[in-house]
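Participant: A single structure is presented below for examination.
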Amino acid sequence: MWLRLRLDIGWRDLCVGFFGSFTPGKRETAQQQLETFWSEGQNDALACLSVRSGFDLLLQTLALPEGSEVLFSAVTIRDMPQIAEAHGLVSVPVDVCGSDYHIAVASLQQAVTSQSKILVVAHLFGARPDMWKVLEFARKHNLFVVEDCAQAWYEPHWRGNEQADASLFSFGTIKTATALGDALCRVKEPKILACMRDIQAQQPIHSAKKFTFIFFKIAFLKIISARILFGAIVKLGKRFGKNVDDILGGMTRGFSSSNLLPQLRQQPNTGTLRLLKRRLETYDSQRIARRIEHAQLIITKLELEKSQPELLDSRHTFWLFPFLTDRPDALMTFLREHGFDTTQRGRMEIVPPPTDRPELSSPMATELLSRTVFLPCYPEMPDAAINRMCALILDFTVDSS
C-alpha cells in the first residue's frame with residue numbers, strides 16, 4: 001500500500017538527532033547557532049518546541065485585553081483557537097475558498113470588528129496563496145498578521161511573507177524536513193521577539209527522555225511504512241475494526257488535547273535543535289521538486305486545470321494533494337482497496353463561530369473540507385504508481401457518472 005504521507009527523514013539524520021541529544025554542549029549555544037543560521041543576519045528568529053508553542057509565546061507577549069478577537073482561517077487544527085481561548089480571547093473564523101483554501105476577502109470584511117486584533121492565516125497542504133489583498137486589509141484595520149506556515153515550508157531560507165508580523169514554521173513528525181519536533185518563528189518587531197525570548201527562557205527544557213521516546217516512535221513508523229509491511233498491518237487492523245487513521249493517528253500526534261498549555265510551555269532540547277540545523281543545512285531540495293512533478297502529473301492526468309485552477313500556482317509545493325470529489329468516502333474506500341492510502345480532513349477542523357455571530361459559519365470551508373480527499377504524491381512514489389492511481393480515479397469517476 002502507498003501511504004498518504006511518508007516521514008521525510010533518513011536513518012542517518014535520525015541517528016544524528018538521537019546521539020546529538022546526549023552530546024555535551026550548551027543548549028543555549030545550539031539554539032543561538034540555529035537561529036543565526038536561519039535568520040541570515042536579520043536577528044528576527046526564535047526556535048520553539050512547536051508552532052503552537054510559538055503562538056502561545058506570542059499571545060503571552062501581546063497580552064491583549066480579555067474578549068479581544070483573533071481571526072482565524074476557517075480551516076485549521078483545533079489547538080490554535082484553543083490556545084487563543086485559553087488566553088481569554090475570542091476565536092472568529094474567516095471563510096476560505098478554492099482548493100488552496102485561501103482567505104476570502106469578502107468573508108474577512110464580514111468577520112472583522114473593532115475588537116479584532118490578530119489575523120492568523122494558515123497556508124495549507126503546501127499552498128502559499130498571494131497575501132497582498134489580505135495584508136492590505138489587515139493594515140487598514142490594524143490587525144497583527146500571523147502566518148501559520150506549518151504545512152508550507154519548502155526550502156531552508158524561505159521565511160514567509162516579509163509583510164506579515166510573524167511567520168511560524170513547523171518541523172514536527174509528519175512535516176517536510178522533520179526534525180522530530182521544534183519550530184522556527186520569524187517575528188518582525190524586535191521588542192516582541194525579545195519578550196517572547198524572555199518568557200521562553202523561564203520555561204522547563206523538553207527532556208532528553210521524552211525525545212528518546214519520540215525517536216523510537218519515529219523509527220518504528222519508518223520501519224512499518226514499508227509498502228508490504230504496512231499493507232499487512234492494515235489488513236490485520238481491519239480484522240479488529242481499525243482503519244489507517246486509527247493506526248497512525250495517535251502515533252503521529254504531537255500533543256494531547258487535554259491540559260494543552262503546560263505541554264507547549266517548554267524549551268526545545270539540544271538534540272532537536274542540532275538536528276533541525278542539520279536538516280536546514282543539508283536538505284535535498286530535489287525532494288520538493290519531485291513532489292511538485294508528481295502533483296503536476298496528477299493535475300494533467302485528471303484534467304484539473306479548470307476545476308481546480310489554484311493547483312496551477314507555481315508557489316504550491318503539495319505537502320498533500322487536495323483532490324475534490326462529490327463522493328469522498330466511496331473514493332477513499334475504492335483507492336484503499338487498490339493499494340493507495342487516502343484520507344480526508346486529518347486533524348483539520350472548521351473553526352466554529354462565536355455563539356452571538358452564527359452568520360460566520362464558513363459554508364465555503366465546510367463544503368471544501370467535506371469534498372477534499374488527500375492523495376499521496378511524495379518523492380518515493382514512482383511515476384508508474386502515480387499513473388495507476390490516476391487511472392483508478394478516472395475509472396471511479398466514470399463508474400459514478
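Participant: So which residues in region 281-325 are part of a loop (DSSP other than H, G, I, E, B), of a type outside the set (F, W, Y) and more than 16 Å from H123 (Cα to Cα), if there are any at all?
Facilitator: Those that are part of a loop (DSSP other than H, G, I, E, B), of a type outside the set (F, W, Y) and more than 16 Å from H123 (Cα to Cα): D284, S285, E303, L304, E305, K306, S307, Q308, T325.
Participant: Kindly indicate whether any position in region 393-401 is touching a strand residue (DSSP E or B) at 6+ places or on another chain (Cβ under 7 Å), outside the structural domain of A150 (by TED's automatic domain parsing) and touching a residue at least 24 places away in the same chain (Cβ under 8 Å).
Facilitator: No: zero hits.
Participant: While we're looking at this one, here's another question. Looking for whichever is at pLDDT below 95, in contact with a helix residue (DSSP H, G or I) (Cβ under 6 Å, 6 or more places away or on another chain) and over 24 Å from P156 (Cα atoms) here; the options are S99, S21, S91. Which one fits?
Facilitator: One residue alone meets the criteria, S99.
Participant: Among the numbered conditions (1) surrounded by 16 or more Cβ atoms within 10 Å (Cβ to Cβ); (2) modelled with pLDDT under 95; (3) within 18 Å of the chain's Cα centre (by Cα); (4) hydrophobic (A, V, I, L, M, F, W, C), tell me where V244 comes up short.
Facilitator: So V244 meets the others, but not (3).
Participant: So, in region 40-52, how many residues would count as being modelled with pLDDT of 90 or more and more than 15 Å from A194 (Cα to Cα)?
Facilitator: Residues that pass the stated criteria total 4.
Participant: Can I ask one more? As an exercise: evaluate A179 against (1) under 30 Å from G271 (Cα atoms); (2) in a helix (DSSP H, G or I) and give the number of the one condition it does not meet.
Facilitator: (2)
Participant: Another one. Among I350, I386, which is surrounded by 12 or more Cβ atoms within 10 Å (Cβ to Cβ), touching a residue at least 40 places away in the same chain (Cβ under 8 Å) and under 22 Å from Q286 (Cα atoms)?
Facilitator: After ruling out the rest, the residue left standing is I386.
Participant: Looking for whichever is buried (at least 18 other Cβ atoms within 10 Å of the Cβ), of a type outside the set (S, T, N, Q) and more than 21 Å from the chain's Cα centre (by Cα) here; the options are F334, F374, F321. Which one fits?
Facilitator: F334
Participant: Could you list, in sequence order, all residues of region 53-81 that are over 23 Å from I192 (Cβ atoms) and either at pLDDT below 95 or outside any loop (DSSP other than H, G, I, E, B) (or both)?
Facilitator: V75, I77, R78
Participant: Also, I was wondering about something else. Within region 94-118, track down each residue that is part of a strand (DSSP E or B) and under 26 Å from R371 (Cα atoms).
Facilitator: Scanning region 94-118 gives V94, V96, C97, H102, I103.
Participant: Going by the conditions given, is A84 small (G, A, S), touching a residue at least 24 places away in the same chain (Cβ under 8 Å), closer than 25 Å to A295 by Cα and not in a strand (DSSP E or B)?
Facilitator: So A84 fails the test.
Participant: State yes or no: is F137 of a type in the set (F, W, Y) and over 18 Å from the mean Cα position of the chain (by Cα)?
Facilitator: yes
Participant: When you look at F340, is it aromatic (F, W, Y), closer than 30 Å to S107 by Cα and surrounded by 19 or more Cβ atoms within 10 Å (Cβ to Cβ), yes or no?
Facilitator: It is false that F340 is aromatic (F, W, Y), closer than 30 Å to S107 by Cα and surrounded by 19 or more Cβ atoms within 10 Å (Cβ to Cβ).
The values are calculated or read from the model by the stated rules, or taken from the named source; none is laboratory data. Only a predicted model underlies this, so the values are computations on that prediction, with no experimental measurement involved. Please note: Cβ atoms are built from the backbone with ideal geometry, for glycine as well, and neighbour counts cover all protein chains shown.
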